[in-house]
Amino acid sequence: GAVVSQHPSRVICKSGTSVKIECRSLDFQATTMFWYRQFPKKSLMLMATSNEGSKATYEQGVEKDKFLINHASLTLSTLTVTSAHPEDSSFYICSASRDTFTDTQYFGPGTRLTVL
Amino acid sequence: KNEVEQSPQNLTAQEGEFITINCSYSVGISALHWLQQHPGGGIVSLFMLSSGKKKHGRLIATINIQEKHSSLHITASHPRDSAVYICAVRSGAQKLVFGQGTRLTINP
């Protein structure tokens, strides 16, 4: 149980285009979903926290107009990278939690974005 | 100084050896997580603990709240254990604070 999927696993796009990444909790309802970014050989950096039905809370320094997060249902959150630039190339990971404060976070497999 | 420090950063061992990875933190926490990240990037949550000790197969995690320290042990290590092991703490609210990770390589 507690499986989280991400789609796509890899995406290559041209500068200026937008890319949408989906995060789904397959066998549980996720009250909260988290979006992380990871640079090579670095640890995860939290970008934003989203609760179903409400606006995402972005970490300091993360542009909310560039990284659009939608958490429309208890099993799906999406991250859209708008007007992508090569510096947005990274590994994006989502996680989901059933309970806001006490449950563990279940991580998705990640999406590798390459912007040409 | 990072809020969460792991040691060692890199560890290479022979198959069968007993492995210990350490995590020290400087903030009050409600829970500590040990995560495993394989070369492909996917992350698996190994343990979440707030006190004492947990065991799952060949993996053991301990935490000492007073000393703000946790250890992850792997018994009878195997090449498939090769991965990056990440310690993360939750302090109050939802957010996790991550250590830098420990890159473990087990040679056959």
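The values are calculated or read from the model by the stated rules, or taken from the named source; none is laboratory data. Fair warning: this is a prediction, and the values are worked out from it, not measured in the lab. Methodologically, a virtual Cβ is constructed for each residue, glycine included, from the backbone with ideal geometry; neighbour enumeration extends over all protein chains shown. With ligands, DNA and RNA removed, areas are computed over all heavy atoms of the protein, side chains included. Shrake-Rupley method; radii C 1.70, N 1.55, O 1.52, S 1.80 Å.
Going by what's in this entry, would B:I60 be described as closer than 22 Å to B:V97 by Cβ and assigned to a strand (DSSP E or B)? The answer is no for B:I60. Would you mind telling me which numbered condition in (1) more than 10 Å from chain A (Cβ to nearest Cβ); (2) under 24 Å from A:C94 (Cβ atoms) B:G40 fails? Against the list (1) more than 10 Å from chain A (Cβ to nearest Cβ); (2) under 24 Å from A:C94 (Cβ atoms), B:G40 comes up short only on (1). Among the residues of segment B:81-108 satisfying the criterion of being closer than 14 Å to B:V27 by Cα and open to solvent by 40 Å² or more (accessible area, probe 1.4 Å), which is farthest from the other protein chains (Cβ to nearest Cβ)? Selected residue: B:S91. Taking the criterion of being open to solvent by 10 Å² or more (accessible area, probe 1.4 Å), part of a loop (DSSP other than H, G, I, E, B) and either among the aromatic types (F, W, Y) or within 14 Å of chain B (Cβ to nearest Cβ) (or both), the residues of segment A:99-116 that qualify are A:D99, A:T100, A:F101, A:T102, A:D103, A:T104, A:P109. Among the residues of segment A:7-39, those that are touching a Phe, Trp or Tyr at 6+ places or on another chain (Cβ under 8 Å) and not hydrophobic (A, V, I, L, M, F, W, C) comprise A:S25, A:Y36, A:R37, A:Q38. In segment B:35-53, of all residues being among the aliphatic types (A, V, I, L, M) and under 14 Å from B:V89 (Cβ atoms), the one that is surrounded by the fewest Cβ atoms within 10 Å (Cβ to Cβ) corresponds to B:L49.
Scanning segment B:55-80 for residues that are without any contact (Cβ under 8 Å) to a residue 40 or more places away in the chain and buried (at least 16 other Cβ atoms within 10 Å of the Cβ) yields B:L59, B:I60, B:A61, B:T62, B:I63.
In a residue-by-residue description of segment A:44-57, the property of being farther than 29 Å from B:L46 by Cα and more than 14 Å from every other protein chain (Cβ to nearest Cβ) applies to at least one position. Can you find a residue that is more than 11 Å from chain B (Cβ to nearest Cβ) and of a type in the set (A, V, I, L, M) anywhere in segment A:80-92? Looking through segment A:80-92, at least one residue is more than 11 Å from chain B (Cβ to nearest Cβ) and of a type in the set (A, V, I, L, M). The conditions of being assigned to a loop (DSSP other than H, G, I, E, B), at pLDDT below 95 and buried (at least 19 other Cβ atoms within 10 Å of the Cβ) are not met by A:A96.
Select from segment B:1-12 the residues that are charged (D, E, K, R) and either part of a loop (DSSP other than H, G, I, E, B) or on the phi > 0 side of the Ramachandran plot (or both) and write down the one among them that is least open to solvent (accessible area, probe 1.4 Å). Ranking the candidates gives B:E3 first.
Every condition in (1) assigned to a strand (DSSP E or B); (2) within 14 Å of chain A (Cβ to nearest Cβ) holds for B:I29 except the one numbered (1). Give me the strands (runs of 3 or more DSSP E) completely within segment A:30-88, filtered to those with at least 2 residues that are touching a residue at least 60 places away in the same chain (Cβ under 8 Å) and open to solvent by less than 60 Å² (accessible area, probe 1.4 Å), ordered by residue number. Per the criteria, A:32-38, A:76-81.
The residues in segment B:13-26 that are of a type in the set (A, V, I, L, M) and not in a strand (DSSP E or B) can be counted, and the count is 0.
Restricting attention to segment A:6-60, the residues being in contact with a Cys (Cβ under 9 Å, 6 or more places away or on another chain) and among the small types (G, A, S) number 1. Considering segment A:11-26, and only residues there that are open to solvent by 80 Å² or more (accessible area, probe 1.4 Å) and over 12 Å from A:C94 (Cβ atoms), the residue that is nearest to the other protein chains (Cβ to nearest Cβ) turns out to be A:L26.
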